[in-house]
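First the structure, in the form of structure tokens, and then the observations on it.
The values are calculated or read from the model by the stated rules, or taken from the named source; none is laboratory data. Everything numeric in this text was worked out from a predicted model, so none of it was measured. Cβ coordinates were reconstructed from backbone atoms using ideal geometry, including for glycine residues, and neighbour counts include every protein chain displayed.
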Amino acid sequence: MAVTLSTGFFAQAQIGVNTNAPTANLDVNGTLRVRSLDKTNESFQATGDVVYIMGVDANGKVIPIEIDENIVLEGNKLRVQLPEVETSIAELPNGTNLEDNYAPGENGVINDLDLGIVILPGDRRGTWPVIRLPNGDNDAKVDITGFKAVPDGTMAFIYPTSGDIQLKKDSDESQPENRIAGENDHNIKKNEMMLLMYDGEIKKWIVVSKH
């Protein structure tokens, strides 16, 4: 094994292992082992907040890697901490009933329904609103051909409380970016819920699941 010590003008030492031309304070041309970091050494435990871990770039240089806020260290293991998903009850804008949004001349048909979803700057969308869709004393089925577009990935529960709702697939009665994707119409019974997500790539709403 060859160990080389080189110093510069300011006497900053560079140590090379198996190399005569070190390019860092410690330049190892070979493998590296730190015995105190052996997995069986239970006495080694991280203390305090760990904000960096070590990584190696394409040139073999050891570099610090910053740990993002959704990565936590527990028992010397890195774990992804997913944001908690909360739900909140929301009403249609201005607290209106479904029949207030019927298409002119149509009984029980709604096009381009505005769910009133507002995404504020910095919102990570950890909350999936439950959109309550009341219709007063009218318990007749309502057809909805589309919902107004929202930011990509936005999710919401649709919750009819007066009567059944049918979501019409790819209906040209709504604007193209507001339509609902699918091979078939989707029926939501009174007091049941359906989870929808807006796909910004295809610019349509898709059904995620029915509850």
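At-a-glance table
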{"quantity": "Residues that are out of contact with any Lys or Arg (no Cβ under 8 Å at 6 or more places or on another chain) and either under 18 Å from PRO160 (Cβ atoms) or small (Gly, Ala, Ser) (or both), drawn from segment 171-211", "calculated": "SER174, ASN187, LYS189, LYS190, ASN191, LEU196, GLY200, VAL207, VAL208, SER209, LYS210, HIS211"}
{"quantity": "Tally, over segment 116-134, of residues that are at pLDDT below 90 and either outside any strand (DSSP E or B) or of a type in the set (Phe, Trp, Tyr) (or both)", "calculated": "12"}
{"quantity": "Per-region count, segment 85-108, residues modelled with pLDDT of 75 or more and out of contact with any Gly (no Cβ under 8 Å at 6 or more places or on another chain)", "calculated": "10"}
{"quantity": "Residue list for segment 150-161, filter: surrounded by fewer than 20 Cβ atoms within 10 Å (Cβ to Cβ) and either touching a helix residue (DSSP H, G or I) at 6+ places or on another chain (Cβ under 9 Å) or small (Gly, Ala, Ser) (or both)", "calculated": "GLY153"}
{"quantity": "Flag for LYS203 being over 21 Å from TYR102 (Cα atoms), free of Cβ contacts under 8 Å to residues at least 60 places away in the same chain, touching a helix residue (DSSP H, G or I) at 6+ places or on another chain (Cβ under 8 Å) and assigned by TED's automatic domain parsing to the domain that holds ASN101", "calculated": "yes"}
{"quantity": "Boolean, GLY153 is in the same structural domain as LYS203 (by TED's automatic domain parsing), at pLDDT 95 or above, of a type in the set (Gly, Ala, Ser) and touching a Phe, Trp or Tyr at 6+ places or on another chain (Cβ under 9 Å)", "calculated": "no"}
{"quantity": "Contacts under 6 angstrom Cβ, first residue in segment 168-187 being touching a residue at least 12 places away in the same chain (Cβ under 8 Å), partner in a loop (DSSP other than H, G, I, E, B) and among the polar types (S, T, N, Q), 6 or more apart", "calculated": "LYS168/THR145; SER171/THR145; GLU173/ASN111; GLU173/THR145; SER174/ASN111; SER174/THR145"}
